[in-house]
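Some notes on the structure that comes next.
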Amino acid sequence: MNETKETIVRIIAEYLDKDASEISTSDNFTDIGLDSLDIMELVMQIQEELDCKFELSQDITNIDKLAELIESNK
Amino acid sequence: MLEGKCAVITGGTRGIGKAAARLFLLNKASVAVIATKDSEEARNALKEIDPEGTGRLFFYACDISDFDAVEETAKKITADLGKIDILVNNAGITRDNILPGLSKEDIDSVIDINLKGTMYVTKAFIRGMVRQKGGSIINMSSVVGLMGNKGQTNYAASKAGIIGFTKAVAREYGRKNIRCNAIAPGFIETRMTDALNEEQRSEIIKTLAIERLGKPQDVAELALFLASDRSSYITGEVIKVDGGMYV
């Protein structure tokens, strides 16, 4: 797992009060317990921590895809 | 009732905000008071709020209609207090006149401080509350925001706006264990009502079921209840403290 993905998993795990090992990067956000409001909040946290900017589209449905998006924007 | 909790109160050196700050301190909260300026008046108010010198009272000067200043002050407060459990958006001004007599500045300043200021401050603290998974936000509306009042179109609009904002925040953050309620005071004896002459006062009192003006303490008691866990199933509500003025 690359550094970007690890950071996203950590932020989401902390947000959900779960262990990072419980977070699947391929499951949909909704399946790991996140709704649209959670995702908006997490996007802000991730952008701050990784010092990056990105627009979330409908296609970005899981952590794997989000990490790819961030990496491609670097 | 508030042991271990940290509260922020805007407009906390005068009137209702000052009474709430005192009451929250007496109920064991740590309290960060925000006022526009660090003045002698503000310093004196702090002595009255905390004559015992509990060490739990903090003061910050900030113009809440300045978005960037609010963000910066919120960061300082969060760093100093560690967390924020309670936010009382109390700061407000009046610039009364009949509608044709209102200047652009009269309209803008009332909306900027009362409505936009409430939104700026709430925005600045909400993410902290989300992270700590709970909080209580109390917005000071007014009975005028519910019933309207001649000579107060700008003020009524700002206070009605606060009610819409309160309900939206309650819906947006209820599932994050963050409650948001509004208090709608009637005529309370503060600097805002000092401008009334005796005749105006007695005319107002005639319209009240309880025939006296309210005291800041009357409103602060409700703020304490809404801030505490005793109101844990109340959100999105607007509660009048108006002596039966608007029944």
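Quick note: the coordinates plus some simple rules give every number you see, no bench work behind them. This one's a predicted model, so the numbers in the text were calculated from it and none came from an experiment. Cβ placement follows ideal geometry from the backbone for every residue including glycine, while neighbour counts extend to all protein chains displayed.
Condition check ((1) without any contact (Cβ under 8 Å) to a residue 24 or more places away in the chain; (2) over 20 Å from the mean Cα position of the chain (by Cα); (3) under 30 Å from A:VAL43 (Cα atoms)) across all residues:
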position: B:ILE98; (1), (2), (3): no, yes, no
position: B:SER103; (1), (2), (3): yes, yes, no
position: B:ASN139; (1), (2), (3): no, no, yes
position: B:VAL143; (1), (2), (3): no, no, no
position: B:ASN154; (1), (2), (3): no, no, no
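Considering segment B:164-194 alone, what residues qualify as being in contact (Cβ under 8 Å) with a residue 24 or more places away in the chain, more than 14 Å from chain A (Cβ to nearest Cβ) and surrounded by fewer than 19 Cβ atoms within 10 Å (Cβ to Cβ)? I'd like the intermediate steps shown before the answer.
Keep residues of segment B:164-194 that are in contact (Cβ under 8 Å) with a residue 24 or more places away in the chain, which gives B:165-167, B:169-171, B:173-174, B:176-192.
Adding the requirement that they be more than 14 Å from chain A (Cβ to nearest Cβ) leaves B:165-167, B:179-192.
Result: B:LYS167, B:GLU189, B:ARG191.
Can you name the number of the only condition in (1) in a helix (DSSP H, G or I); (2) more than 14 Å from chain B (Cβ to nearest Cβ); (3) under 24 Å from B:LYS123 (Cα atoms) that A:GLU49 fails?
Condition (2) is where A:GLU49 drops out.
Of the residues that sit in segment A:27-72 and are of a type in the set (S, T, N, Q) and surrounded by 11 or more Cβ atoms within 10 Å (Cβ to Cβ), which one is nearest to the chain's Cα centre (by Cα)?
A:ASN62
State the number of residues belonging to segment A:14-42 that are in a helix (DSSP H, G or I) and within 12 Å of another protein chain (Cβ to nearest Cβ). Before you say what the answer is, go through the steps one by one.
Kept after step one, since they are in a helix (DSSP H, G or I), are these residues of segment A:14-42: A:14-16, A:20-22, A:30-32, A:36-42.
Retained after the next criterion (residues that are within 12 Å of another protein chain (Cβ to nearest Cβ)): A:14-16, A:36-38, A:40-42.
Residues in segment A:14-42 being in a helix (DSSP H, G or I) and within 12 Å of another protein chain (Cβ to nearest Cβ): 9 in total.
Could you figure out which of (1) free of Cβ contacts under 8 Å to residues at least 60 places away in the same chain; (2) surrounded by 18 or more Cβ atoms within 10 Å (Cβ to Cβ); (3) not hydroxyl-bearing (Ser, Thr, Tyr) isn't true of B:ASP85?
Checking B:ASP85 against (1) free of Cβ contacts under 8 Å to residues at least 60 places away in the same chain; (2) surrounded by 18 or more Cβ atoms within 10 Å (Cβ to Cβ); (3) not hydroxyl-bearing (Ser, Thr, Tyr), the one that fails is (1).
State the number of residues belonging to segment B:221-247 that are over 19 Å from B:GLY135 (Cβ atoms), surrounded by 16 or more Cβ atoms within 10 Å (Cβ to Cβ) and either among the β-branched types (Val, Ile, Thr) or under 19 Å from the mean Cα position of the chain (by Cα) (or both).
4
For segment B:9-57: of the residues being in contact (Cβ under 8 Å) with a residue 40 or more places away in the chain, in a helix (DSSP H, G or I) and not basic (Lys, Arg), which is farthest from B:GLY135 (Cα to Cα)?
Per the criteria, the residue is B:GLY15.
Conditions tested, residue by residue: (1) farther than 13 Å from B:GLU237 by Cα; (2) touching a Ser or Thr at 6+ places or on another chain (Cβ under 6 Å); (3) assigned to a loop (DSSP other than H, G, I, E, B).
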site: B:ASN139; (1), (2), (3): no, yes, no
site: B:LYS150; (1), (2), (3): yes, no, yes
site: B:TYR155; (1), (2), (3): yes, yes, no
site: B:ILE163; (1), (2), (3): no, yes, no
site: B:THR166; (1), (2), (3): no, no, no
site: B:ALA170; (1), (2), (3): no, yes, no
site: B:TYR173; (1), (2), (3): yes, no, no
site: B:ALA182; (1), (2), (3): no, yes, no
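Give the residues of segment B:15-60 that are basic (Lys, Arg) and buried (at least 19 other Cβ atoms within 10 Å of the Cβ), sorted by residue number. Working first, answer last.
From segment B:15-60, those basic (Lys, Arg) are B:18, B:22, B:28, B:37, B:43, B:47, B:56; that's our starting set.
B:LYS18, B:ARG22, listed by residue number.
Between B:SER142, B:SER103, B:SER136, which is more than 14 Å from chain A (Cβ to nearest Cβ), among the hydroxyl-bearing types (Ser, Thr, Tyr) and under 19 Å from B:PHE187 (Cα atoms)? Quick ask: steps written out before the conclusion?
Working: B:SER103 fails: under 19 Å from B:PHE187 (Cα atoms); B:SER136 fails: under 19 Å from B:PHE187 (Cα atoms).
Just a single option satisfies the conditions, and that option is B:SER142.
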